[in-house]
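The values are calculated or read from the model by the stated rules, or taken from the named source; none is laboratory data. The shown structure was predicted, so the numbers you read here are calculated from the model rather than taken from an experiment. Note that each Cβ is placed from the backbone with ideal geometry, even for glycine, and that neighbours are counted across all protein chains shown. SASA here: full protein model, heavy atoms, side chains in, ligands and nucleic acids out. Shrake-Rupley method; radii C 1.70, N 1.55, O 1.52, S 1.80 Å.
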Amino acid sequence: EMKKVTCTAPVNIAVIKYWGKQNEELILPINSSLSVTLHQDQLKTTTSAAASREFTEDRIWLNGKEENISHPRLQSCLREIRRLARKRRNEEGDENVSRILNDKVHICSVNNFPTAAGLASSAAGYACLVYTLAKLYGVEGELSEIARQGSGSACRSMYGGFVQWVMGERDDGKDSLAKQVEPESHWPELRVLILVATAEKKHVGSTAGMQTSVETSPLLKLRADLVVPERMEAMIESIRKKDFKAFGELTMKDSNQFHATCLDTYPPIFYLNSVSQRVISVVHQYNTYYGQTKVAYSFDAGPNAVIFMLEPTVNEFVEVVKHCFPPESNGDTYLKGLPVGSAV
Ligand code: DP6
């Protein structure tokens, strides 16, 4: 007989960016970060995991294609979940856990958005993998610590709403965990618009990019030590008070500083393209026209823009985007007005 579970996990977008590790293996960051979890309707990963005596080896399929299960990060997640399951069997003597620990697993994961577009697919992917395996093995507890070992940003997708990844102080990473700042119900008027500037595969992946930045960028070290600690406090306060001006301005400044550290990396890394630069200028012009911060952009390791705004601004700003970036002319697409979402 076979045991099977299926779960979905949301994408998250960092408004205080994680960039740089102090421990590559455990994935311990050089600074804390904070993100908004997106609603699952439009951007999510769905993962099924099955365990059976019939299976002769662990196997994984991503978007229909079989991938190598021996990837170190996949192995970390599998090993940690199985460790928790063994602990539970030893403490409670659970027969079912005992049986499943002898089985191999088959895992199958799909995104409902293009992986190549660089829309934080690893975050939703590893969050979903860890949660699905935990359900399969019947284990509970601090799962963000395990998701973190798959991909740093994945630990934040274990919670909905507004989530901080506290960098922690311990060498073993036991206190480098995600914590919910506020649930998604806290700020229901907040909306997220995603502008896909290109579906091309990004040039430098986050893992390799941040490695080079840690090695070569003096600005990154200053950012981590002197800028981010204060920004974390200010960002949490802006969210608690639902102060969009403070939230939006900090979001844009932090995205800009992250891309400045990329430019300060040697050789430099460019994630923004000419479309991204036009988006930045349209956002600032829009805010200047109204004399207040109504929209705010953020960019990760790619040219796609994530735009934050409050609900009453969505329709008008979508019109502005359509006018400035006609979809038929360049093939660009955009998704509309997602609310803040819930956890896996
Ligand atoms: C720019 O979490 O993808 O999106 O830990 O090496 O898997 P690894 O990196 P990853 O990096 C995300 C970088 C970012 C900022 C963020 O999400 O905080």
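Every condition in (1) small (G, A, S); (2) modelled with pLDDT of 95 or more; (3) within 17 Å of T207 (Cβ to Cβ) is met by A178 except one, and the failing one is (3).
Each row is one residue, and each column tells you yes or no for (1) within 16 Å of the ligand (Cβ to nearest atom); (2) over 23 Å from the mean Cα position of the chain (by Cα).
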| residue | (1), (2) |
| --- | --- |
| Y18 | yes, no |
| N63 | no, no |
| L74 | yes, no |
| C77 | yes, no |
| R83 | no, yes |
| V97 | no, yes |
| N102 | no, yes |
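Considering every residue within segment 196-212, establish whether at least one is farther than 27 Å from R73 by Cα, within 16 Å of the ligand (Cβ to nearest atom) and assigned to a strand (DSSP E or B). Checked segment 196-212: at least one residue is farther than 27 Å from R73 by Cα, within 16 Å of the ligand (Cβ to nearest atom) and assigned to a strand (DSSP E or B). Checking each residue in segment 273-299 for being modelled with pLDDT under 95 and outside any helix (DSSP H, G or I) picks out only N273.
To keep it simple, each residue is scored yes or no on (1) open to solvent by 10 Å² or more (accessible area, probe 1.4 Å); (2) in contact (Cβ under 8 Å) with a residue 24 or more places away in the chain; (3) within 15 Å of V130 (Cβ to Cβ).
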{"site": "T56", "(1), (2), (3)": "yes, yes, no"}
{"site": "H71", "(1), (2), (3)": "yes, no, yes"}
{"site": "L74", "(1), (2), (3)": "yes, yes, yes"}
{"site": "E91", "(1), (2), (3)": "yes, no, no"}
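Every listed requirement among (1) closer than 23 Å to R86 by Cα; (2) within 16 Å of the ligand (Cβ to nearest atom); (3) open to solvent by 10 Å² or more (accessible area, probe 1.4 Å); (4) in contact (Cβ under 8 Å) with a residue 60 or more places away in the chain is met by L177 save one, (4). If the condition is being within 14 Å of the ligand (Cβ to nearest atom) and not hydrophobic (A, V, I, L, M, F, W, C), then segment 1-16 contributes P10, N12. Checked against (1) hydroxyl-bearing (S, T, Y); (2) surrounded by fewer than 24 Cβ atoms within 10 Å (Cβ to Cβ); (3) under 11 Å from the mean Cα position of the chain (by Cα), S185 passes all but condition (3). With respect to the conditions (1) at pLDDT below 95; (2) over 20 Å from Y297 (Cβ atoms), S217 lacks only one, and its number is (1). Restricting segment 20-54 to residues that are open to solvent by 40 Å² or more (accessible area, probe 1.4 Å), outside any strand (DSSP E or B) and touching a Ser or Thr at 6+ places or on another chain (Cβ under 9 Å), the residue that is farthest from the ligand (Cβ to nearest atom) is H39.
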